[in-house]
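The values are calculated or read from the model by the stated rules, or taken from the named source; none is laboratory data. Values in this document were obtained by computation on a predicted structure and should not be read as measured data. Cβ atoms come from the backbone with ideal geometry, glycine included; neighbour counts cover every protein chain shown. SASA here: full protein model, heavy atoms, side chains in, ligands and nucleic acids out. Shrake-Rupley method; radii C 1.70, N 1.55, O 1.52, S 1.80 Å.
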Amino acid sequence: MSSLPPPASPMAGAGAGAEDEARDWAEMPSDALAAVFGKLDVAEILTGAGLVCRAWRRLAATDPTLWRRVDLCHQGDLLETEEAEAMARAAIDRAAGTMEAFWADTFVTDNLLHYISQRAPSLKSLQLSLCHYVSNEGFSEAISCFPQLEELDVTFCSLHGSVCDTVGRACPQLKHFRLNERWSILQSEFAPYEGMDDDTEALGIASTMPGLQELQLIGNNLTNDGLMAILDRCPHLESLDIRQCYNIQMDDVMKAKCARIRDVKLPHDSISDFKYRAYIVSSIANSGSDFEVDMYDDLLDVVTEDDDADFDDIDDFDDTGSDGGMYNDDFDM
């Protein structure tokens with residue numbers, strides 16, 4: 001009686017199949033790899049995917065479409081200022097003049113803004129928050145280089161005075177403008193007596209931004225006169241946010257003026273949906289309490305862990321003495 005051959009091992013077949021299906025990710029088609037990279041944020045490419053292998057590093061360094069929108073918000077919380085700025089400069093360089101959006105907080109300086117202004121002539125969206133190292137002079141010089149800007153968000157920075165007039169004249173295509181400030185406890189208690197009302201910014205908006213569709217002025221010192229000027233001279237407004245603008249008196253005339261605007265948020269409306277609400281004096285303060293939220297606590301519950309970024313030593317990314325040494329694009333072709 002002939003004996004049958006022993007059955008093949010299931011594991012052997014699986015192993016052979018797995019071996020046959022083994023892939024060399026370095027040989028991944030560039031269009032497919034670009035699609036994957038397009039799902040990642042700037043920091044993930046610069047500190048992770050863009051360093052995996054020679055082919056991936058080459059794509060990350062030479063495909064400017066990956067850098068059209070540079071979002072570095074919260075990197076100022078995770079990295080030292082010099083590290084975050086080096087990352088920003090690397091992204092700006094790789095965009096090769098095609099960058100259309102730059103969003104960042106805390107670490108932006110006059111020097112970095114100048115760097116952007118010289119390398120991003122097509123910028124359409126600029127968002128800066130908590131950037132206390134940006135001066136009126138530095139901002140005004142940079143903004144004059146962005147004639148195609150359509151969206152500008154300046155939240156809790158140290159800008160004041162004629163900045164709105166400067167922006168409006170430099171950016172004739174501006175449609176979305178957010179200039180948010182913190183209404184302090186002193187303003188709440190003493191504005192009626194100390195002349196803390198100020199329509200400079202409102203009048204600058206009214207006289208230079210006729211094409212605005214969205215305007216957010218949280219915590220501004222404007223009065224009814226300033227708001228009336230905006231409503232009269234910005235006929236395309238569809239969204240107006242004047243929360244915590246406590247110099248505004250919503251009388252019948254003002255309510256009638258605002259009625260044409262589709263989305264309106266009034267001075268005493270809740271700020272619960274505002275991204276940076278933890279940096280604002282709480283509503284309790286505006287009721288007479290001296291309670292104030294610490295401006296540096298509980299912004300976004302960002303958890304920083306050692307393995308989130310490999311920048312423990314500044315020499316790791318800047319060993320050449322130039323900005324962003326870690327991100328130089330020297331690799332074997």
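List of remarks:
- The set of residues in region 49-96 being open to solvent by 40 Å² or more (accessible area, probe 1.4 Å), of a type in the set (Gly, Ala, Ser) and at pLDDT below 90 is empty.
- Test result for Ala202, surrounded by 23 or more Cβ atoms within 10 Å (Cβ to Cβ), touching a Lys or Arg at 6+ places or on another chain (Cβ under 8 Å) and modelled with pLDDT of 95 or more: no
- Count - residues of region 105-124 that are part of a helix (DSSP H, G or I) and at pLDDT below 95: 0
- Any hit, region 264-274, residues being among the polar types (S, T, N, Q) and modelled with pLDDT of 50 or more: yes
- Put simply, of Phe102, Phe139, Phe146 the only residue that is open to solvent by less than 30 Å² (accessible area, probe 1.4 Å), in a helix (DSSP H, G or I) and modelled with pLDDT of 95 or more is Phe139.
- Of all residues in region 105-124, exactly one satisfies the criterion of being open to solvent by 10 Å² or more (accessible area, probe 1.4 Å) and under 21 Å from Phe274 (Cα atoms), namely Thr106.
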